[in-house]
Structures are given as structure tokens and as C-alpha cells.
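Notes follow once the structure below has been shown.
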Amino acid sequence: MTDDNKVRRMVEITMEPVELHKILKFENLAASGGEAKFRIQDGQVRVNGETETRKRRKIRHGDVIETPEAVLTIVKSEP
């Protein structure tokens, strides 16, 4: 999938940090937590331009998560 075909969206979080695998699951980029963890360990996910293999990577405001299908920009919203 080319960059032009990727879904791009902002993801609002109310608390930081959030674990990477949870964001993939809640944003429907993985059917389950197990699938999210597999995709991360398999090298299918990039955070801030670098391949990330740590499923519990702490995600914060300003981070950009990229999968073959989507680009997510994390923003902090007020609770």
C-alpha cells in the first residue's frame, strides 16, 4: 500500500502514556490485543518513522503511528 492510499486520522487520548498495542486494538487496526502484539513484533508498525517491535511502547501526545493501512497522529484532549 502506498502512502497516498493510507487512512490518515488524529487519535485523541485523555491520559498519557498509552501502550502501543492498545491503540492499534481500539483504532480497529487489529482484531484483538493478540493480533496487535503480533503485528508489532512482526515489524509491521512504525512509531515516529522508526520500526517499533516493543508492544508496550509508551505512546504520548505528538507521536505518529504508521501501519500498512493507516497513519495515526496522537493528540491529547482534555478529559
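When Asp4, Asp63, Asp42 are compared by accessible area of protein heavy atoms, the largest-first order is Asp4, Asp42, Asp63, using a 1.4 Å probe.
Note on Asp4/Glu50: beta-carbon distance plugged into 1/(1 + (r/R0)^6) with R0 of 22 Å gives a FRET efficiency of 0.55.
When you restrict to C-alpha pairs under 8 Å that are six or more residues apart and normalise by the size of the chain, the relative contact order lands at 41 percent.
Rounded to the nearest 5, the antiparallel percentage of DSSP beta bridges internal to the chain is 55%.
Take Phe38 and Val75, extend 7 Å from each Cα along the Cα→Cβ direction, and tell me the distance between the two endpoints in nm. Here the modelled spin labels are 3.4 nm apart. Can you count the Lys pairs in the chain whose Cα atoms are under 21 Å apart, with each pair 8 or more apart or on different chains? Lysine pairs meeting both conditions in the chain amount to 15.
Loop-located trypsin sites (Lys or Arg not before Pro) across the stretch 28-70 with a Cβ neighbour count of 14 or fewer within 10 Å are Arg54, Arg56, Arg60, with loop assigned by DSSP. Distance distribution note for the chain: the fraction of Cα pairs above 17 angstrom is 39%.
The values are calculated or read from the model by the stated rules, or taken from the named source; none is laboratory data. Note that the coordinates shown come from a computational prediction; the quantities given were computed from them, not determined experimentally. As a convention, Cβ positions derive from the backbone with ideal geometry for all residues, glycine included, and neighbour counts pool all protein chains shown. The accessibility values were calculated without ligands, DNA or RNA, using every heavy atom of the protein model including side chains. Shrake-Rupley method; radii C 1.70, N 1.55, O 1.52, S 1.80 Å.
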